[in-house]
Structure formats: structure tokens, C-alpha cells
Amino acid sequence: MKKVSDCMIWNEQFERKFQIVRISLRKSSFYIKISEKEMVIMKVAIVMGSNSDWPILEPAENTLKEYGVEVEVVVASAHRTPELVQKFAQGARDRGVEVIIAAAGAAAHLGGVIAAYTTLPVIGVPINATPLGGMDALLSFVQMPGGVPVATMAINGAKNAALFAVEILAVGHPELVGKLAEAREQMKREVAAKAAKLAAQRAAK
Ligand code: C2R
């Protein structure tokens, strides 16, 4: 019988979807079905204080999916459903979550309470939801006492929360490093195009 070291195992995107791994033994190859637990899944949880926050958070889910990251979306409130928040945070690591994005507006205690119940990295997104324009949520997130950090993004900064989560994941999932680098290159091309457009506008005056 061949040893595992004699095999080449890879897990392409579509195969991952069907939970299939292809194994090649020199000239022949065959497929085996593996359980979800054995597969390498990158997972981020997005938790928000209310469904009214979702329009701000949806771009974060889209960005994470572009990087092939599985997303768990949860509505839970430290004020209104404290037991649910505790259960969510304490069980997150066992569910395979590696990073938590917590978003809330107003007096936003959600991120801090989640961070109190888990040592997973928590990224905070203060939401503009009151006449204070998000400053209330920003200060609630960012002014965590020493010992329980929440990495706070800009007000409504959902996209950067997703990208920061991918950067954290990339430490243990090197396949993400190239994708992040390509996104930076794309950004450079976009800035160059903007510069050319402005130069053309000014030249036409
Ligand atoms: P509703 O729209 O449900 O009244 O919520 C939510 O994140 C939302 O932005 C208004 C705002 O209250 C926020 N909220 C919190 C928390 N729970 C809900 N800041 C919390 O536990 O921190």
C-alpha cells in the first residue's frame, strides 16, 4: 500500500465545493469524499447588533467571499440578547471561526462583550446609526480597557474590516497572500487610470 507521502493531494476550488479531494498516485488518480471537518475552511463571523446594520455590512460579506472565505452572519445584541452573544462568542472557535467582525451603532458594547468571551481576534465596525453620526459607536468600540482588545475600523468601515480579516487569515492560510498582493496591484492600476483621466481633463481646458 502506498504511503501518504507518495501521494499528491490537492483541493481545487470546485472540488472543495463538493467536498472531494483528488489523490494522484504517480500515473493514476482517484477521488475521495472527505467530511467538512477535515477540509481547510477559512471562516469569519460577521455579528451585528441589529438587522438595521446589514446594509453597511453586506459589502464585507461580499469582499470575504471574493477571497473564498466562508461567512457566518449573526444578529445578536449585548444589550438585548446577552445570552445569545455569550453563546455565539464562546462557541465561535469550535465552529471553525478564526476572526470575528462585530458591528454596532449607538452605545456599541457588542464588540467588547464578544472580545470578553473569546480570544479570537475581534474587529469592530462602528455604525452610524444615531444623531451623533457614529461617534458614539466609534468611542464605545475604540476605548476598550487594557487586556481585551477590539481592532476598531473607521465608522461604517466594513470593507476594511473584511480586508483586515483576510490579512489575519493569511498568516495561517498562505494561499491568500497572493490574492491580497494582486488586489494591491489592481488598486495601483486604478489610481494610475484616475491620474490619467484627470491629466486628460486638465489638458483639454
Ligand atoms: P435598532 O435598529 O434595532 O433599533 O438598533 C445596533 O447595532 C443598531 O445600530 C439600533 C442600533 O443599536 C445597535 N445595538 C448595539 C447593541 N445592540 C444593538 N449597539 C450592542 O449590544 O452593543
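Throughout, read-outs are computed from the coordinates displayed, never taken from laboratory work. Keep in mind that this is a model prediction, so the values were computed, not measured. Methodologically, a virtual Cβ is constructed for each residue, glycine included, from the backbone with ideal geometry; neighbour enumeration extends over all protein chains shown.
Worth a mention:
- Global geometry of region 70-137, whether rounded, prolate or oblate, following the gyration tensor of its Cα atoms and the 1.5 cut on a/c: prolate
- Per residue, the average separation of C-alpha pairs within less than 8 Å and at least 6 apart gives region 111-188 a relative contact order of 27 percent.
- Protection proxy ranking of 98-108, 49-59 - average other beta-carbon atoms within 10 Å, highest first: 98-108, 49-59
- Exposure proxy ranking for His173, His79, His109, based on other Cβ atoms within 10 angstrom of each Cβ and starting from the fewest, stands as His79, His173, His109.
- Shape class of region 72-205 from the Cα gyration tensor (axes a ≥ b ≥ c, square roots of the eigenvalues): oblate, since a/c reaches 1.5 or more and a/b does not exceed b/c.
- Cβ-based exposure ranking for Met42, Met48, Met135, in which fewest neighbours within 10 Å come first: Met135, Met42, Met48
- Computed over region 43-175: relative contact order in percent, which uses C-alpha pairs under 8 Å that are six or more apart: 26 percent
- Backbone amide hydrogens, once placed in the peptide plane, bring Val74 within less than 5 Å of Ile46, Val47, Met48, excluding anything fewer than 5 places away on its chain.
- Region 54-71-region 161-205 distance, computed between alpha-carbon centres (Å): 17 Å
- Restricting region 69-161 to chymotrypsin sites (Phe, Trp or Tyr not before Pro) in coil, as DSSP defines it, with at most 14 other Cβ within 10 Å: none
- Shape category assigned to region 138-205 from the gyration tensor of Cα positions, a/c cut at 1.5: oblate
- Computed FRET value (nearest 0.05) for Ala200 with Glu66, which takes r as the C-beta separation and R₀ as 35 Å: 0.70
- Net length available on complete extension from Thr130 to Ser52 is 26.9 nm, with 0.36 nm assigned per residue and the Cα-Cα distance removed.
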